[in-house]
1. Is it the case that segment 182-204 has a residue that's within 18 Å of the chain's Cα centre (by Cα), modelled with pLDDT under 85 and surrounded by fewer than 19 Cβ atoms within 10 Å (Cβ to Cβ)?
2. When the residues of segment 91-126 are narrowed to those that are within 21 Å of residue 22 (Cβ to Cβ), small (Gly, Ala, Ser) and touching a residue at least 24 places away in the same chain (Cβ under 8 Å), which ends up surrounded by the fewest Cβ atoms within 10 Å (Cβ to Cβ)?
3. Can you pull out the residues in segment 1-56 that are among the β-branched types (Val, Ile, Thr) and either under 21 Å from residue 183 (Cβ atoms) or in contact with a Phe, Trp or Tyr (Cβ under 8 Å, 6 or more places away or on another chain) (or both)?
4. I'm checking my understanding of the structure. Among residues of segment 40-78 that are more than 17 Å from the chain's Cα centre (by Cα) and of a type in the set (A, V, I, L, M, F, W, C), which one is farthest from residue 128 (Cα to Cα)?
5. Which of the residues spanning segment 1-55 are out of contact with any strand residue (DSSP E or B) (no Cβ under 6 Å at 6 or more places or on another chain) and either outside any helix (DSSP H, G or I) or at pLDDT below 95 (or both)?
6. For segment 56-69, which positions are in a loop (DSSP other than H, G, I, E, B), within 19 Å of residue 143 (Cβ to Cβ) and not hydrophobic (A, V, I, L, M, F, W, C)?
7. Evaluate segment 127-135: report whether one residue or more is in a helix (DSSP H, G or I) and either open to solvent by 10 Å² or more (accessible area, probe 1.4 Å) or at pLDDT below 95 (or both).
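The values are calculated or read from the model by the stated rules, or taken from the named source; none is laboratory data. No experiment lies behind these values; they were computed from the predicted model shown. Glycine gets a Cβ as well: all are built from the backbone with ideal geometry, and neighbour counts include every protein chain shown. Surface accessibility is based on the protein's heavy atoms, side chains included, excluding ligands, DNA and RNA. Shrake-Rupley method; radii C 1.70, N 1.55, O 1.52, S 1.80 Å.
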Amino acid sequence: GLAWLVTKMLDQLDYQQIDVLGVSWGGALAQQFAFQYPIRCRRLILVSTGTGAFMVPGNPAALAKIATPRRYLDPTYMTEIAGEIYGGKMRTNHELALEFARTARLGSGLGYFYQMLGGMGWTSIFCLHKLRQPTLILHGDDDPLVPLVNAKIMHGLIPRSKLYIFHDGHLGLGTSAWEIAQVVEKFLTAPCAGYVAHPFPKKTVFTLDFR
């Protein structure tokens, strides 16, 4: 349903074909969109994400702490647990954790519940082999929520995929932005032998980010 909603938004914006980058939960939606609407997705980028209900689970202590939206309601609590749940630079850089705690916002309690429910009731594991878009998988080597092995599994299942491992955690797209941006730019501008994109007039990078 959300993938369909994305297409309706793209119609309003007059974008016929896009490059999609999905982070964490948004990576699930990005996978679904690429599978459900293959013509509209030129290239796919998956960051710190997994295959949904059927995946190698994260650290139980970290998962328990994201089961409720408390961290979004209590900045002090978010700062205290940021390193444990997000890993990477959040473990050692208190200023990063503090800044994230100050800026992170909760949409709604009900929305958060639906987000958790969606994660338990969806999987891409049986569809990944059907993806034909060139795909870049980006994953940190210290991700308590989505262990690195999940990226390696996706890389093995998606035919036209590349895997880039960076030294950071679940929020590496932000905390290692300079490094990752260069990798993404190279991927989006490089020619892909054997792959013919549909010649739509407009395309852009559309980011799906649901933390």
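1. Within segment 182-204, one or more residues are within 18 Å of the chain's Cα centre (by Cα), modelled with pLDDT under 85 and surrounded by fewer than 19 Cβ atoms within 10 Å (Cβ to Cβ).
2. Selected residue: 121.
3. Residues satisfying the conditions are 6, 7, 18, 20, 23, 45, 47, 49.
4. 73
5. Matches in segment 1-55: 1, 2, 14, 15, 16, 24, 37, 50, 55.
6. Of everything in segment 56-69, those that are in a loop (DSSP other than H, G, I, E, B), within 19 Å of residue 143 (Cβ to Cβ) and not hydrophobic (A, V, I, L, M, F, W, C) turn out to be 57, 58, 59.
7. Yes - at least one qualifying residue is present in segment 127-135.
Residue by residue, here is whether (1) open to solvent by less than 40 Å² (accessible area, probe 1.4 Å); (2) out of contact with any Leu (no Cβ under 7 Å at 6 or more places or on another chain) holds:
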| site | (1), (2) |
| --- | --- |
| 1 | no, yes |
| 19 | yes, no |
| 72 | yes, no |
| 79 | yes, no |
| 87 | yes, yes |
